[in-house]
1. HN-Hα J couplings of the stretch 316-332 from phi, Karplus 6.51/-1.76/1.60, θ = phi - 60°, integer Hz, Gly and Pro as x?
2. Of 117, 344, how do they rank once you tally other Cβ atoms within 10 Å and put the fewest first?
3. Run the dipole for the stretch 140-360 about the Cα centre, Lys and Arg Cβ at +1, Asp and Glu Cβ at -1, nothing else charged, and hand back the magnitude in debye, nearest 20.
4. Rounded to the nearest 500, what is the 222 nm mean residue ellipticity of the chain from helices alone, with -39500 (n - 2.57) per DSSP H run of 4+ residues and division by all residues?
5. Spin-label point model (7 Å from Cα, Cβ direction): what's the residue 56 to residue 319 distance in nm?
6. Starting from the Cα of residue 124, step 7 Å along the direction of its Cβ; do the same at residue 72; then give the gap between the two resulting points in nm.
7. To the nearest 20 debye, what is the magnitude of the charge dipole of the stretch 1-160 about its Cα centre, counting +1 on the Cβ of each Lys and Arg and -1 on the Cβ of each Asp and Glu?
8. Once R0 is set to 22 Å, what does the formula 1/(1 + (r/R0)^6) return for the Cβ-Cβ distance between residue 280 and residue 172, expressed as a FRET efficiency to the nearest 0.05?
Amino acid sequence: MSKALQLARKGFYSTHPNPRVGCVIVRDGELLSEGFHEYPGGPHAEINALNNLMGDAKGSTVYVTLEPCSHTGKTPPCADALIKAAPDTVVIAMLDPNPLVSGQGIEKLKNHGINVITSVLEQQAIQLNAGFVKRMTQNLPFVRVKMGLSLDGGTALSNGISQWITGPESRHDVQYLRAASSAILSTATTVQNDDASLNVRLSAEQLNQQTGVRQPMRVIIDNSLKLTGKEKLFELGGEIWIFTTQQDEEVLSYFKLHHKNVSIFTSVTSKRIEIKDVLLKLAKMEINEVHTECGSTLAGALIQQQLVDELVLYMAPDLMGKQAQGLFDLGEISIMSDKIQLSIADVRMIGRDIKIVAKPCQP
C-alpha cells in the first residue's frame, strides 16, 4: 500500500477535481503491475494498472488507495473491471468519502466473491486527498493560508508594501503550494499592493508532469470593486472570479468587454462579502483545495470563522518594527482561555527562512 500511495502522489498536481489514487497488483510476492490516476477524464488508477498488466490478474492481490468506484461517470466503474480481472483480494486504504456512494464498490466486489480488506494506511490516504475528502463530507474546500512574516510578526510595512519579506527559496517553495491547489484566493488590496499574478511559475519538468502545468482558478474578494481590469493579474488569461458588493456599471462593462475569462459575482445585500458563502460556491464548482495569499483582514476572518485547515508561515530573520502590519486581524482577546490554539505539524529551514506548518486544534 505504501507503493500505491507513492504512485498516487504522482498525480499530486494534475488530478483536480478528482482524488489522487494509486494502484499496485501483486501475486506471490511479485509485483505484476502498477498505475495511478493521471488527469481528470483519464483512466482511473485501477484501469491503468490493469492495462499495464502482462498476463492476467487471477489469484492476485490488488492494492488501491481509494475504494474502487461502482458508478459510471466520465469512465466506466472500476469495480466492474476488477471483477472481470478476478483477483483473489482487493486491499483498500480508504473508503470513498462521498456519502452517496461510500461502501458500494466494496459491496460489489464482495458480492462477486472477492475478498476485501480496508483501512490499510488509511490516514495517509486521507491526508493525500484532504481537499477531496472535506468537499465530499462538509461541502467546503480545504483552505490553506500562506503568510510571509518577519521575526517580530510583520507582514507588510505600514504603507502596505510587503515585497519582499522572505527570500527567493521561500517564494519558490510557495509555487508548489499554488500548483497543488484548485484555486488561489486573495483580495483586491493584495493584488494591487503586490502587483500579484497569483499563478504557478513552475515548469512541467519541475512538477514532474507529463500533461503540462495546470493553472488554478484565481478568486479575488473585492468588496468595493477597486480592481480596474488593467492589473497584471488579468494579462495572463485563465479563469478568474471576483466577488464584490458594488454595482459599478462602467467597471463591469469594461470587464465584460475586455476580459471574457472573468466572472463577477455581485452581492448588494451587505457591505462585505461573506467568505463562507464564497467557499461554499467554490465547493459546488468542485474546488478541492483553496490556497490563500492575503493580508491580515481576510486571514483573520478565515481563522475566526474556523474555515482554515492549514497555516503555512514563512518567517524571515528580519525585524520590521512596531508600525508594520500584523499577521492576523483577530480583534481583542482579553482572557487567555479564548486564545486560538494551533498544533505545529512541521518546521523546516527554507533558505534563510523558517517554514512553519500549523493546523488549528479541533474544538
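A short reminder: the numbers here are calculations on the coordinates, not readings from a lab. What you see is a predicted model; the values in this text were computed from it and never measured. Virtual Cβ from ideal backbone geometry, glycine too; neighbours counted across all protein chains shown.
1. With the stated coefficients, the stretch 316-332 comes to 8, x, 9, 10, 10, x, 6, 7, 5, 6, x, 6, 9, 8, 10, x, 7 Hz.
2. Details: 117 13, 344 10.
With the sparsest Cβ surroundings first, the list reads 344, 117.
3. Numbers: 23 positive and 26 negative charges, 43 e Å.
Approximately 200 debye in magnitude.
4. Details: 11 runs with 95 residues, N = 363.
The per-residue figure over the chain is -7500 deg cm²/dmol.
5. Here the answer is 7.5 nm between the modelled labels.
6. It works out to 3.6 nm between the two label points.
7. Numbers: 14 positive and 13 negative charges, 81 e Å.
Approximately 380 debye in magnitude.
8. Numbers: r = 33 Å, r/R0 = 1.49.
Computed FRET efficiency for residue 280 and residue 172 comes out at 0.10.
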